[in-house]
Amino acid sequence: MAKIKSHYDIVIIGSGMGGLVAANILAREGKSVCVLEKNNQFGGNLQTFVRDRTIFDTGVHYIGGLSRGQNLYRYFDYLGILNGLELKKLNEDGYDIITFDNDEVEYPHAQGYENFKKRLVTYFPEEENAIEIYCDKLQEICQKFPLYNLVAGKPYGNDPELFEQSAKDYIDSITQNEKLRAVLAGSNLLYAGIPEKTPIYVHALSINSYIQSSYRCADGGSQITKLLIRRLKENGGEAFNHQEVIDIECVDKKIASVRTSKGDVVTGDLYISNIDPKHTLKMVGEEHFRKSYNHRIQNLESTVSAFSIHIVLKPNSFKYLNKNYYHFKDYAKVWKGHEYTEESWPETYMVSMGVRKNQDEWGDQLTAITYMNYDEVVQWEDTFNTVANKNDRGETYDEFKKTKAEVFLKELEKKFPNIRECIQSIHTSTPLSYRDYIGCNRGSMYGYVKDVKDPLLSFISPRTKIENLFFTGQSLNMHGILGVTISGVVTCSEILGGQHIIDKIIERTENENVNVN
């Protein structure tokens, strides 16, 4: 087993996807790289966990843009992780299904833009023009983000209009049909959309990749992490788990070293933080940053958190669903699910099933996710509980989870009437689970809120006000596997030069074979 050295060219704090992408790129460029991770598992949102010998994903339930030649495929090809990646393509005629109480129709989001339009037009024949305009707009927006299309340039695009119109306002502008509006916005739990704030570009970048192609990772997303760690080590990089960075020493406006919970002191020429920027600034010491910069970061609004129930299914009891469900109590709740009351919760949820490498007709697990505000668990926020650091939050917390799971299950029964009799065991995650395992502020699902009223506020440069400290991860530009992959590229571009990396990715041959069932 490799031992931690005292000095590296690059020290990366946290092993989320952005950090691992950056680590791989820099190691391939000949840099000595060290990744320090607090948890037992590497990978951030790519972590998996096992209950009753059944694998569950922590955060990544499906991935878009992974068919040959598409953007994430090309990034993964460059990183050398396509071979060995076991994927299952979701239903082409409906990878996401949008449903509502008191409406028996299931509205599909289909793969491929022509198929997407064709399927929706069968339910909204009088809205064909609006659906066409919507699809064209999504593709037009995505073309304006250079790194989304593997072209050198600003990661955020150059068109100010992209940042000034909300997703809800745009969708409302193309049709008066309330039901179609709800269906088009129906998967917005993917980005925790806020009606008066979320820009149209966030919607477009989140949805477009899935329309291009949608896949599940067989036996969980942690296989991506394992491949990235393997490639990192092949290129001379190192990664250490159970090494939580607890102190960052700053001397004369430069990071001098980091100290881990095991007492190791590690120095580097450059440091990349893949943990929440708010937490990073506090560890460095807020006095080392300008008050205005520190104030802006610390006051950024985090996206809402989530409550999840993870169900281990009895053998041969519940058919495997090769699609996801997004369900709402009514059309108006599509943009309002996070504004629930104790009586109305949950107003919306997403259901996704895990897939095995040799999947048969029967599912072995199901995860349902809904919004939950961090304030609901704030009374237990002084407790921390991970595999590496066991901590009992107490009976009141267990009772809280049990009560919420029962309420949630009753809602699920309306959609899946036989679900209760199929349950072998049920497990839960709260905002505190996400905070502790992912390290996100207040258990935030997707980093910081993007706001059309102040579009520059939530943009965080990979360069910090400390000369040799950089950021990467979902807080930079976009969340999701593609978003954080691009963030890793953006961070490395600041260090190595933008065109250099993009040229190498483009030059990479695309004759790798991806194993797709």
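The values are calculated or read from the model by the stated rules, or taken from the named source; none is laboratory data. Just so it is clear, the model here is predicted, and its values are computed rather than measured. Glycine also receives a Cβ, built like all others from the backbone with ideal geometry; neighbour counts cover every protein chain displayed. For the accessible areas, the whole protein counts, side chains as well, though only heavy atoms, and no ligand, DNA or RNA atoms are used. Shrake-Rupley method; radii C 1.70, N 1.55, O 1.52, S 1.80 Å.
Only strands (runs of 3 or more DSSP E) whose full extent lies in segment 28-89 are considered here, and the ones with at least 1 residues that are open to solvent by less than 10 Å² (accessible area, probe 1.4 Å) are 33-36, 54-57, 86-89.
When K404 is tested against (1) outside any helix (DSSP H, G or I); (2) modelled with pLDDT of 95 or more, just one condition goes unmet, and that condition is (1). In this entry, W380 passes the filter for residues that are open to solvent by less than 60 Å² (accessible area, probe 1.4 Å), more than 23 Å from G220 (Cα to Cα) and over 22 Å from the mean Cα position of the chain (by Cα). Annotation note: of G236, G268, G263, the sole residue that is more than 22 Å from the chain's Cα centre (by Cα) and part of a strand (DSSP E or B) is G268. Scanning segment 1-13 for residues that are open to solvent by less than 10 Å² (accessible area, probe 1.4 Å) and either part of a helix (DSSP H, G or I) or touching a helix residue (DSSP H, G or I) at 6+ places or on another chain (Cβ under 8 Å) (or both) yields I10, I12, I13. Cβ-Cβ distances below 7 Å connect the following pairs, each with a first residue in segment 21-50 that is among the acidic types (D, E), a second residue that is in a loop (DSSP other than H, G, I, E, B) and at pLDDT 90 or above, and a separation of six or more residues or different chains: E37/G14; E37/S15; E37/N241; E37/Q243. Within segment 434-475, if we keep just the residues that are closer than 15 Å to Y201 by Cα and among the aliphatic types (A, V, I, L, M), the residue that is surrounded by the fewest Cβ atoms within 10 Å (Cβ to Cβ) turns out to be L456.
Screening F416 with (1) more than 19 Å from G186 (Cβ to Cβ); (2) among the hydrophobic types (A, V, I, L, M, F, W, C); (3) at pLDDT 95 or above; (4) surrounded by fewer than 20 Cβ atoms within 10 Å (Cβ to Cβ) gives one miss only, at (1).
A quick yes/no check of all residues on (1) modelled with pLDDT of 95 or more; (2) within 19 Å of D52 (Cβ to Cβ):
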| site | (1), (2) |
| --- | --- |
| V312 | yes, yes |
| A332 | no, no |
| Y340 | yes, no |
| S352 | yes, yes |
| R356 | no, yes |
| W362 | yes, yes |
| A368 | yes, yes |
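If the condition is being over 25 Å from S433 (Cβ atoms), assigned to a helix (DSSP H, G or I) and not basic (K, R), then segment 283-305 contributes V284, E286, E287, H288, S292, Y293, N294, H295.
Sub-6 Å Cβ pairs linking a first residue in segment 192-205 that is assigned to a helix (DSSP H, G or I) and surrounded by fewer than 24 Cβ atoms within 10 Å (Cβ to Cβ) to a second residue that is modelled with pLDDT of 95 or more and not hydrophobic (A, V, I, L, M, F, W, C), at least 6 apart or interchain, are I200/Y170, ordered by first then second residue.
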